[in-house]
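Quick notes on the structure that follows.
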Amino acid sequence: MYDIEKKRGEWRGENRGREGRRRGGIKRAMGRWQTIWPTYRRLLREVRPYRWRLAAGIACNVAFAGANGAMVYVVREVWAGVFESAAGALSLWQVVGLAALVPATMAVRGLCDFLGGYLMNWVGLRVVAQLRQRLFDHLVGMSQDFFSEMRTGKLIAHVTSDVALVQQAVSSVIQDVIKQPFTLVFVAVMLVRTDWRLTMAAVVLLPLALVPVMVYGRRIRRSSRAGQEQQASLVSVLQEALQGRRVIQAFGAEERERADFAEVNRRVFRERMRIVRARALSGPLIEMLAGLGAAAVFAYAYATGAPASNLVAVALGLFMMYEPVKRLSGVHLQLQESVTGAERVFAVLDRAPTVRERPGARELARFSRELRLEDVSFRYEEASVLDRVNLVIPAGTVTAIVGASGAGKSTLFHLLVRFFDPTEGRILLDGVDLRDATLRSVRAQFGLVTQETFLFHDTVAANIAYGRPTATRAEIEAAARRAHAHEFIEALPQGYDTVIGDLGVKLSGGQRQRLALARAILADAPILLLDEATSALDSESERQVQAALDELMWGGQRGRLTMLVIAHRLATVQRADRIVVLERGRVVEEGRHEELVKRDGVYRRLYELQFQV
């Protein structure tokens, strides 16, 4: 008795365990769908502008499914009419007429397939283009702190490979979700009408085709996410290696870089092969099940003596049902992979810039009176960069900002052009807080030239006119002359129409810097910011650039431009109207060169260190 009760307890425990595992599996499946659905629903919103094309594509796919069902019916009728009718019952023309139904049905089927595929892919590719454009527009408007957190290669991967994954979610997935189930339904209806017993024998194993979906779906999603991360790392390594090629070769680090790239490349290969393996296994499993179904059909037909026309129709229907089942099993896998890419794209789009325009922001008039900083402080994460800076910069003056590295000089410039906003205090331009003005009108007030010159892979003229695309050739040449760049430009193979390569690689450092200066001059901003414009140059290049700067600061344009100059070399700023000395983010001294040298302060120490007084 005890043994019987013990066995019953074990059976009940095993049943509860199986029931628990079954419910757990259902909960996990529902959980995965609940994770996917919000992202996919958001993705479908991108289709709304093209909903009529999408509807037309869906209608064509439904018609294609109906043509598949009609094909089963036509083949059965043609077979029965030709081979199972009494001898001589049909004339030759009747037989030809019946046979012609087959290509006619195939023609309708093919046309619907073409139109459905074309329209669905048009919508998918249009959404991809639209999403890629939105992502690019969003990135170029993001604040500078965002780019300090994100690797450039990963952002490139978001715009290219991640967005490309979205197409299959919009075109392939929607098309298969509509096309394949309707095909299954229409074909199944025709098969049931033909011989329901034979049909049941054929499709009895069909539910087992869902097993590969359940087994490999989660694996695809996990591998897809990891694969996209590795792909982004691959692009990052490639981008850094190409941009830093001179440093790599100078230090003989080619083998190390090759090894790093090879390792990331191997990881990408492994993750992609996991996805390929999961997809490749699902197809043969379904084919094996289809083969077992076909064997069941033949066995049943032999046992019952079913007409040959019924057997042919069911065999054709089974063949037509195989492809939808196979495609539907892949829909879940495609959905898992594409949603992973969409999640990464939306994660970037959901990041709002920290520097934004306030509602009702006003357009700034051209600067004419004074630029004022009132108790301006700035912190980056936990580090204090600027601390209660107060400055008044009258229009038409030259102000030099000096100090040791890390004193906050470049950060001050970044606040002026609103790459960042002050943590505390405010910056006023002719009495207007920069945060109350539009970003475009604020940045139109400043021309910025930095030591890290960036030029585009374009002509010399296009680079100079970048900030003012409507400039005439005469205006471009006038700006180049003021920047002391006209002579070397004329000596280039195509002059102003010479393409200078990525980052201006065909030019020397001094030539690139003078082009950047010409670009700032042509933009005609009332305030010119020069951030260590000569520090990265050799002596000859520095002399040429400095000659151009001297002409701007002390030549015929004197008083027309307001200039703020950051310079480590104090010889370049000794003639400034005022010199502001920063130390650890604070203004510790200000005045003219002669005044500051007489004081026993920071400026004098910097001066003595440079000139060994």
Which shape class applies to region 382-435: rounded if a/c is under 1.5, otherwise prolate when a/b exceeds b/c and oblate if not, where a ≥ b ≥ c are the square roots of the Cα gyration tensor eigenvalues? oblate
Region 376-441, relative contact order in percent, only Cα pairs under 8 angstrom and at least six apart counted: 33 percent
Chain lengthening between Phe136 and Leu238 when straightened (0.36 nm per residue, less Cα-Cα): 34.7 nm
Normalised convex hull volume, region 420-472, alpha-carbon set, Å³ per residue: 127 Å³
Can you give the convex hull volume of the alpha carbon atoms of region 414-523 per residue, in Å³? 111 Å³
Pair Leu292, Ser405: separation of 7 Å Cα→Cβ label points (nm): 7.1 nm
In Å and whole numbers, how far do the C-alpha atoms of region 100-205 stretch along each principal axis, longest first? 69, 33, 16
Note on region 327-425: alpha-carbon gyration tensor, axes a ≥ b ≥ c; rule is a/c under 1.5 for rounded, else prolate if a/b larger than b/c, else oblate; result prolate
If I stretch the segment between Arg256 and Leu349 completely, what's the gain in nm (0.36 nm per residue apart, minus their alpha carbon distance), one decimal? 30.0 nm
Relative contact order (percent) for region 330-390, with alpha-carbon contacts under 8 angstrom and 6 or more residues of separation? 19 percent
Multiply the residue separation of Gln144 and Ala299 by 0.36 nm, subtract the distance between their alpha-carbon atoms, and state the gained length in nm to one decimal. 48.7 nm
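Bear in mind these aren't lab numbers, they're just calculated from the coordinates by the rules spelled out. Everything numeric here is computed off the predicted structure, so don't read it as measured data. Ideal geometry is used to build each Cβ from the backbone, glycine not excepted, and the neighbour counts take in all protein chains shown.
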